[in-house]
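Undergrad: One structure, pasted below without further comment.
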């Protein structure tokens, strides 16, 4: 008896919800008419996740529909980057493509390149830095490189996985200084934080992650930032010299761009590109990026296309030099 | 479904050997390292094969007590056999169809089918399948923002 | 002191308390339905907690599990079917009591002992974890490698009757953990060109498959009909309880200590704690002949032990990231997702969150008494919920939960495949718990090994160079010897027995 009445109540509820649903169904309207989804190829809590979520929040203001952010993690970004490229190109699934898109096809992880996307805009570049422990004898990048040259294999670097962006930063810097990139072996780590932990504990000699990631430890006096691998000094670290100032012609950074799958309708592009250009200038977005120490660098779709091409060439060069190209 | 240890062991032996051979042949080494991506899978493969051998020996020793395969009682009951096939079939159907049909129709169909197979009366099954589908959908889609696919219901999405 | 005040603030807010109440009711419901385990309760909760802040998420799990482990005693006493495996040890005892018309004595004792045992385990957790963590701050990849080894070894050997089957399960779990693109190697393994598999086998769908889908499959192929519930009224739960507890206060303490210790051992959880506590109780009792005839003494020991084990299992989970049982294996996954990397630094980075979790342990175990009382009162209605309608709904929850973590149907495929594998494993007496520990600890084992090797330039000596590392290494090797020693002793004794 009781069982039956529960079943009936559920049934009535179902019918009611169904009716409401039908009454909501309206004729097709202009883009966008339903929620947009942003795919983040990296885990919750990281930098890409934080910036992607912020874009979602602010983009909502300019497109007038809810924007949901989902993480598709794993496979060092391959899974999420592929998910964006393989999504239905209807303008309702977008994503954040990071520097790894210019790297992973070189090492044979996937055939996907930036050609698989409709570019919407570049929004951030974070240069790599040279971080050593506070009690390290080195006080400049050149001193460190000389020591590595004199004792190949003795000093190790860490900060990301084997063949990850910060690994290339170290290898490329050595290369540019005329030292064999194998002179400082790489100790793979799950990310910058565990790498910095090893650095402080004395397990490795240098971590070439972004200075932003090392900021708190530098402020606490545990870590010295010797150089930034950028063309100009970083706004958040005006006292840190660039490698170029120290006579080493090498710059490398991680970057993030906002994209959709290839073949999106022009109607959607015409809405998204100007909306995204407004997001990047939005005071809330600027405040957030500055607070977290992320550098805003904007490029429109045409500029982003050029950016992709250059990055692809640069990354291919370093990866070949390090011997990771398949 | 219980197998004699000898059969389980044989399966593990073959699987372990396959893992070992695949790891050894196709995984590259780390530059300048003796231990690379192949190292752990090889240990695991050898371990599984070793356990397989032990189980084969145990199974052969007990071959007079334990038959090669003991099917569960359900295997003799056509109704239960069909039920098992239907459950697995429902999940497979969900995996293949949900993106096209959408969550609501797929879930409604398989929940109702399973309930009827388990002995709920069809009308009650319809009520409960509809109710639970909508509750799950509302909870995950609306509150937890999980993008459950709409499929064919996209035009009337709510 | 500031941290603790903040922690109190985090717990005692309406939203978190609401979550605690809801998950308590959920835990009691799942626990009191035979065939739905405490681990399954956790598995079904995780997709929901995924979207919460860390404190309510962890509070939900802590509460649901504590409630479910106790609630498992209810169908044990009324139907002679343990609601969760943790109640299996003394189900005959409590059912015999019910048949004698003493259902209230059985359930009242279980309830109060569960609460006291749970509080004891919590106190041990609260006092030992921060100290241990302080010590563990000096650990490097060498020590973590040995800890992972030790944990996996215990999981395979101690927690099962047949070490070979335990080892098989462990190796299957380790194999699953190698699938995908590794951090150290940077090379995709066993993906066979699948992009989805490059991300590896996601832990949550795997666990939902292994613990929840298997139960649905088992229900599907079980022929027996639900047994009849005893219709006798349940009397005053707390009548005559005080003298019983006073008489067996040493048992209560002993059960709690055994439970906490067993819980803290990797791989052995509340169910094994209850079996061992019951056996010890019988062995040392003044009236062992009364055991099995409706005697409360064993209930006191084992009822306290299984709830004490829950707190114990959190000690290695929080301090080293090594799960004490299959539930904390899931908890570790949740901690990682919340950005609270389990390990000694969690006490430095997020102390207020950890203390908030400790507080919820106390809240849950105290709330157990009134809520458990209600659960016993409404047990008849809960046990009458038709399983034929419940199982399909549970399966849909599994499906959506597996989807929700990565928003991909691939998660549902993982759930299905691992559900079938786990079902076949259990049918063949291969336990599932070591496999789940293998999945969690596999990357820890491999990464720490390879990192250590790179740091030491390929020399094994590094693993025994540091004093703590050496001690842990020797301990691991000694544990490996246990099955050999047992075998040799059996062989020696064999002829004498014949």
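Any read-out appearing in this document is the output of simple, stated calculations on the displayed coordinates, not a laboratory observation. Please read these numbers as outputs of a predicted model, since none were measured by experiment. Cβ coordinates were reconstructed from backbone atoms using ideal geometry, including for glycine residues, and neighbour counts include every protein chain displayed.
Undergrad: Could you tell me the extents of the stretch B:74-156's C-alpha atoms along the three principal axes, largest first, rounded to whole Å?
TA: Cα spread of the stretch B:74-156 along its principal axes, largest to smallest: 45, 26, 22 Å.
Undergrad: Looking only at Cα atoms, what is the convex hull volume of the stretch B:2-70 per residue, in Å³? Could you put the intermediate results ahead of the total?
TA: Values: hull volume 4.2 nm³, N = 69.
Convex hull of Cα atoms, per residue: 61 Å³.
Undergrad: If you count, for each residue, the other Cβ atoms within 10 Å and average over each peptide, how do C:189-199, C:397-407, A:283-293 line up from highest to lowest?
TA: Taking the mean over residues of other Cβ atoms within 10 Å, the ranking is C:397-407, C:189-199, A:283-293.
Undergrad: Helix-only estimate, please: 222 nm mean residue ellipticity of the protein assembly as shown, summing -39500 (n - 2.57) across DSSP H runs of length 4 or more and dividing by its residues, to the nearest 500. Write down the numbers at each step before the final one.
TA: Details: 40 runs with 607 residues, N = 982.
Mean residue ellipticity at 222 nm (helix-derived): -20500 deg cm²/dmol.
Undergrad: Hey, another quick one. What is the packing order of peptides A:83-91, A:296-304, taking the mean over residues of other C-beta atoms within 10 Å and listing the highest first? Please report the intermediate quantities before stating the final value.
TA: Working: A:83-91: 18.6, A:296-304: 16.3.
Per-residue Cβ counts within 10 Å, averaged per peptide and sorted highest first, yield A:83-91, A:296-304.
Undergrad: Ok, one more. Mind running the shape call on the stretch C:241-400? Use the C-alpha gyration tensor, a ≥ b ≥ c as the square roots of the eigenvalues: rounded below 1.5 for a/c, prolate if a/b tops b/c, oblate otherwise.
TA: Working: a/c = 1.96, a/b = 1.27, b/c = 1.55.
Oblate shape, in that a/c is at least 1.5 and b/c is the bigger or equal ratio.
Undergrad: Another question, if that's okay. Jot down the radius of gyration and Dmax of chain B, Cα atoms only, both in angstrom.
TA: Using the Cα atoms of chain B, the pair Rg, Dmax is 23.9, 68 Å.
Undergrad: Which three lengths, in whole Å and largest first, does the stretch C:408-460 cover when its Cα atoms are put on their principal axes?
TA: Per principal axis, max minus min of the Cα coordinates gives 44, 32, 12 Å.
Undergrad: Sort all Cα-Cα distances of the stretch A:242-326 into consecutive 5 angstrom bins from zero, then give the percent of pairs in each bin up to the one containing the longest distance.
TA: All Cα pairs considered, the percentages come to 3, 10, 16, 17, 18, 16, 10, 7, 3, 0.
Undergrad: Now a separate question. So for C:446, B:73, C:427, fewest C-beta neighbours within 10 Å to most, what's the order?
TA: B:73, C:427, C:446
Undergrad: Here's another thing I want to ask about it. Among A:167, C:295, B:64, B:80, which comes first, second and so on when ranked by fewest other beta-carbon atoms within 10 Å?
TA: Listed from fewest to most nearby Cβ atoms, that is B:64, B:80, C:295, A:167.
Undergrad: What percent do you get for the relative contact order of chain C when only Cα pairs under 8 Å and 6+ apart count?
TA: RCO, chain C: 27 percent.
Undergrad: With equal scatterers on the alpha carbons only and no solvent term, can you work out the Debye log10 of I(q)/I(0) for the stretch A:162-307 at 0.08, 0.09, 0.19 1/Å?
TA: -0.30, -0.37, -1.23
Undergrad: While we're on this one: Quote the FRET efficiency, to the nearest 0.05, computed for residue C:465 versus residue B:88 with a Förster distance R0 of 45 Å and r equal to the Cβ-Cβ distance.
TA: Once rounded, the FRET efficiency stands at 0.30.
Undergrad: So, one more: If you wrap a convex hull around the C-alpha atoms of the protein assembly as shown and split its volume per residue, what is the figure in Å³?
TA: Value for the protein assembly as shown: 174 Å³ per residue.
Undergrad: A follow-up question, please. Can you tell me how the stretch C:344-394 classifies by the Cα gyration tensor, rounded, prolate or oblate, using a/c under 1.5 as the rounded cut?
TA: It is oblate, given that a/c is not under 1.5 and a/b is not larger than b/c.
Undergrad: Report P(r) for the stretch A:129-228: all Cα-Cα distances, bin width 5 Å, range 0 to the bin holding the largest distance, values in whole percent.
TA: P(r) over the stretch A:129-228, rounded to whole percents: 3, 16, 28, 29, 18, 6, 1.
Undergrad: Using a 10 Å cut-off around each Cβ, can you sort A:156, B:153, C:396, C:415 from fewest to most neighbouring Cβ atoms?
TA: Taking fewest neighbouring Cβ atoms as first place, the list is B:153, A:156, C:396, C:415.
Undergrad: Stokes-Einstein diffusion coefficient for chain C at 37 °C in a medium of 0.692 mPa s, Rh from the Kirkwood formula over Cα pairs: what value in µm²/s?
TA: My calculation gives 142 µm²/s for D.
Undergrad: Using the reciprocal of the averaged 1/r over all distinct C-alpha pairs, how large is the Kirkwood radius of the stretch C:281-364 in Å?
TA: 14.9 Å is the Kirkwood radius here.
Undergrad: I would also like to ask the following. Work out how far the C-alpha atoms of chain A reach from end to end along every principal axis, then list the three figures in whole Å, largest first.
TA: In descending order, the Cα extents are 82, 52, 41 Å.
Undergrad: Another one. Across peptide B:118-129, what mean number of C-beta atoms from other chains lies inside 10 Å of a residue's C-beta?
TA: 6
Undergrad: Then there's this: How big, on average over all directions, is the shadow cast by the Cα convex hull of the stretch C:336-443, in nm²? Can you show the working numbers first?
TA: Working: hull surface 42.2 nm².
About 10.6 nm², averaged over all directions.
Undergrad: Still on this structure: What distance in nm separates the two pseudo spin-label positions at residue A:266 and residue C:17, each 7 Å out from Cα along the beta-carbon direction?
TA: 6.1 nm
Undergrad: Now a separate question. What is the average number of partner chain Cβ atoms found within 10 Å of a Cβ in C:407-417?
TA: 4
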